[in-house]
1. Out of the residues in segment B:146-162 meeting the condition of being more than 23 Å from residue A:102 (Cβ to Cβ) and within 11 Å of another protein chain (Cβ to nearest Cβ), tell me which one is surrounded by the most Cβ atoms within 10 Å (Cβ to Cβ).
2. Applying the selection to segment A:144-184, what residues are closer than 20 Å to residue A:98 by Cα and in contact with a His (Cβ under 8 Å, 6 or more places away or on another chain)?
3. Does segment A:68-101 hold any residues that are in contact (Cβ under 8 Å) with a residue 40 or more places away in the chain, more than 8 Å from every other protein chain (Cβ to nearest Cβ) and either surrounded by fewer than 24 Cβ atoms within 10 Å (Cβ to Cβ) or in a loop (DSSP other than H, G, I, E, B) (or both), and which are they?
4. Say whether the condition of being within 13 Å of chain B (Cβ to nearest Cβ), touching a strand residue (DSSP E or B) at 6+ places or on another chain (Cβ under 9 Å) and not basic (Lys, Arg) is met by at least one residue in segment A:13-21.
5. What do you reckon, is residue B:119 within 25 Å of residue A:84 (Cβ to Cβ) and of a type in the set (Ser, Thr, Tyr)?
6. Could you list, in sequence order, the residues of segment A:198-218 that are out of contact with any Ser or Thr (no Cβ under 7 Å at 6 or more places or on another chain) and surrounded by fewer than 24 Cβ atoms within 10 Å (Cβ to Cβ)?
7. Say we look at segment B:30-63 and pick out the residues that are polar (S, T, N, Q) and surrounded by fewer than 20 Cβ atoms within 10 Å (Cβ to Cβ); which of these is farthest from residue B:275 (Cα to Cα)?
8. Condition first: modelled with pLDDT under 95, in contact with a helix residue (DSSP H, G or I) (Cβ under 7 Å, 6 or more places away or on another chain) and either assigned by TED's automatic domain parsing to the domain that holds residue A:303 or assigned to a loop (DSSP other than H, G, I, E, B) (or both). Can you find one or more residues in segment A:102-119 that meet it?
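The values are calculated or read from the model by the stated rules, or taken from the named source; none is laboratory data. It should be emphasised that the depicted structure is a prediction, and the values quoted were computed from it without experimental measurement. Quick reminder, even Gly has a Cβ in these numbers, built from the backbone with ideal geometry, and neighbours come from all protein chains shown.
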Amino acid sequence: MLNENQKLNPRLLEKDVEQAPIRFGYGEGLLKAGEENEKVVALCADLTDSTKTSTFSNKFPERFVQVGIGEQSMASVASGMAAMGKVPFIASYAMFSPGRNWEQIRTTICYNNSNVKIAGAHAGVSVGPDGGTHQAIEDIAIMRVIPRMTVVVPCDSVEAKKATYAAATTKGPFYLRFAREATPIVTTEESPFEVGKANLLRNPENPQVAIIACGSLVYNAIMAAEELAKEGIECSVLNNHTVKPMDKNSVVSVSKEAGAVVTVEEHQVMGGMGSAVAEILAKEVPTPMEFVGVQDLFGQSGEPNELVEEYGMGVKKIIEAVKRVLKRN
Amino acid sequence: MAHLHDETVQFLETKANDVRKSIINMLVEAKSGHSAGPLGMADIFTLFYFHILKHDPKNPEWEGRDRVILSNGHICPLLYAVMAHSGYFPVEELNTLRKFGSRLQGHPHREWLPGIETSSGPLGSGLSQAVGMAIADRMDKGRTSDKFFYCFLGDGELDCGQVWEAAMLGGKEKLHNLIGIIDRNNIQIDGFTEDIMPLESLVGKFESFGWHVIEADGHGFEAMDNAVSEAKAVFEKPTMIIARTIPGKGVDYMERKFEWHGKPPTVEEGKEALHQLRTLGGKIKGEHE
C-alpha cells in the first residue's frame, strides 16, 4: 500500500534493494549546489573524505577550507564567511559538529542569523564499531532547540542530495543529519521533496496506527508496516524528514486519521523528532503515542544492525510498539 | 614612521575624552555593564573610528568598508560610544544602553544595530569569524584587496582554546588582510591574567603560530597608528598588535583594578569620574562643576 504519488523506489520491498550511505548524497548535493552558485563554499575538520566533502573539494579546491580538528573555530569561521556573502557548508561527524561546537553554532551562526549549513555525518548508533564515543544520538535535540535552525534528517542518499541542495538555496542556518552505513534507497529522483513538508509514504485505507519516522529508520518503519499488514494491522508511514520547522498539518492529519502514533528515529527519545511530534499532538490532537529510539542510554561497539536491534529500533521493536499503542487506543 | 600632526593628536585626545565621558554616563544610567575595558580601549577605538578605518557612518552597509570584529563583546559601551560620536546614530541614544527595546544590547547584536559586524559576548569566537571574513574576501578579490579585517580581543579571552584554533588557521592561510588587536590590560574578572592563567610570552606564542607581532602603547595615538601602518605592509602573514593598556584609564580609582572589570560606577562615583575626565585628572581647571 505504498503511496504511488511518492514515486518510491520500485524495488523498495525486495530483499536486495539497492543501498548507499546517506552521506553520499551530501557530497552530490553540495557539488550540484556549488556548480550552480559560486558562493557555495565548504569547510571540513579533517574528515573530508568520510563526510564526502571531498566530492566538492576535489572539483573546487579554491572554495574549500581545511580547518584541521577544530570544530568550534570551524563554525565561527563559516559565520565570518557567510557575513561576506558566502554560503558555507561545514562538515564533521555529528558528535563533534554540532556535538562539540554548540555554543558557537548558537551565537555566531543562529543568533547572528548567519547563512551557514551544518552537516553532521555518522549520526546514530549505526556508526557501529567505533563505539559510543562516536555515536551522536543527541544532536537533533540540541539543534532543534536553537531559534532559526532548520533541521532535516534525510531517509536515504537520494533525499540527502535534495536536502543538501535545498539548504544551499534556502537562506538561514540548517542542520543536515546523515548516517554512516549503507542504507536502503527508499526514494527516487522523482519523489517529491520540500523542506518542511513531510511525505506520506504508505497510505492504506483506514490505518489503525500512524508510524512517523525520519532518517535511516524510515526503511524499517516501512518494513514493519508491511509485516503488520500481513497480520491485518494497517499503518500509515510518514517520512517526517524536516524535524524543524515540522509539517504540523501532516503530523496532525495522519495522527487524527489513525488515532494512534509510533515515532521512529535513531536518536534519544528525549528531545528528538518524536518529542517534537508529541509537542504538536499534545496541543492539537492528544493521541496515544509510543516512541521508538534510544532510551536514555549510550551506544557501544558492534555491527550497525546489531546495535539498531540492541537499542530497540529494529523492525520487530517497531511492530511491538505498534501493538502496544493499539492496546492503549 | 608616519607622524601624526599635532592637530590630529589634539583632536583625537578631545574625542577620546568625550567618548570616556559618554561611557561613564551610559554605565551610570544603565546601572550595569563593564567599566575598565571600555575606558582602557577608548584611545584605540577613537583612533580607529576617527582616523584609521575606511567606513561611512551614514552608510554602514557600504561594501568597501573595513570590518571591525569585536570579539570581547562586553566592552561594547565603548563601541557604541565611538559609533555615536562618529555619526552612526544620535549620541542621546547612548542612554538606552542595556534597557528594554534598546538597539544597544548588553552585548552587541548584529541585527539590532547597523554597523555592528557580528554579535558577540561569549568569548573566544571573534578571531575565527575575522579569519573567515578575511578568507572569503581573498577568495573573491585575491591577495591585492585593500580591505582590512580588524579583530579586537581581550587578553583574558586568550584562555579560550578556540582563539588558538583560529590563530593556527590565520597563520596557515597567511592572511595579510587580517589584523588582530589584543587589549593587553592584564586583568580579567577573577584577577590578574598572569595569576588566573599565564599568557606570556604572548609575542612568542603568536609568532610561533605564524603571525607578525607588534607591541605598542595602547594610549599612544602615534604608536598605535604606526603599528597599524606596519601591519598593513606585511604581505605574507596576519599581524597581531599587542596593545598595552591601563584598564579604567582616565579614572584614577578604576585604573589597574580588576574589581572594575564588570561593574558600573554609582551615581556618586560617576560624578567623580566625570570631574576627573573634564579636568584631565586635575591637569586643567574644572569648568561648570
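1. Here is the first cut: in segment B:146-162, the ones more than 23 Å from residue A:102 (Cβ to Cβ) are B:146-150, B:152, B:155.
With within 11 Å of another protein chain (Cβ to nearest Cβ) added as a condition, the list becomes B:147, B:149.
Working: B:147: 18, B:149: 27.
So, considering only residues that are more than 23 Å from residue A:102 (Cβ to Cβ) and within 11 Å of another protein chain (Cβ to nearest Cβ), the one surrounded by the most Cβ atoms within 10 Å (Cβ to Cβ) is B:149.
2. Answer for segment A:144-184, where residues must be closer than 20 Å to residue A:98 by Cα and in contact with a His (Cβ under 8 Å, 6 or more places away or on another chain): A:152, A:153, A:154, A:155, A:163, A:178, A:179, A:180.
3. Once the filter is applied, which keeps residues that are in contact (Cβ under 8 Å) with a residue 40 or more places away in the chain, more than 8 Å from every other protein chain (Cβ to nearest Cβ) and either surrounded by fewer than 24 Cβ atoms within 10 Å (Cβ to Cβ) or in a loop (DSSP other than H, G, I, E, B) (or both), segment A:68-101 yields A:87, A:94, A:95, A:96, A:97, A:98, A:99.
4. Start the filter on segment A:13-21 by keeping residues that are within 13 Å of chain B (Cβ to nearest Cβ), which leaves none.
Among the residues of segment A:13-21, not one is within 13 Å of chain B (Cβ to nearest Cβ), touching a strand residue (DSSP E or B) at 6+ places or on another chain (Cβ under 9 Å) and not basic (Lys, Arg), which makes the answer no.
5. Working: within 25 Å of residue A:84 (Cβ to Cβ): yes; of a type in the set (Ser, Thr, Tyr): yes.
Yes: the conditions hold for residue B:119.
6. Correct list: A:205, A:206, A:208.
7. Of the residues in segment B:30-63, the ones polar (S, T, N, Q) are B:32, B:35, B:46, B:59.
Subset that is surrounded by fewer than 20 Cβ atoms within 10 Å (Cβ to Cβ): B:32, B:59.
Details: B:32: 21, B:59: 35 Å.
Ranking the candidates gives B:59 first.
8. Going residue by residue through segment A:102-119, those that are modelled with pLDDT under 95 are none.
Within segment A:102-119, none of the residues are modelled with pLDDT under 95, in contact with a helix residue (DSSP H, G or I) (Cβ under 7 Å, 6 or more places away or on another chain) and either assigned by TED's automatic domain parsing to the domain that holds residue A:303 or assigned to a loop (DSSP other than H, G, I, E, B) (or both).
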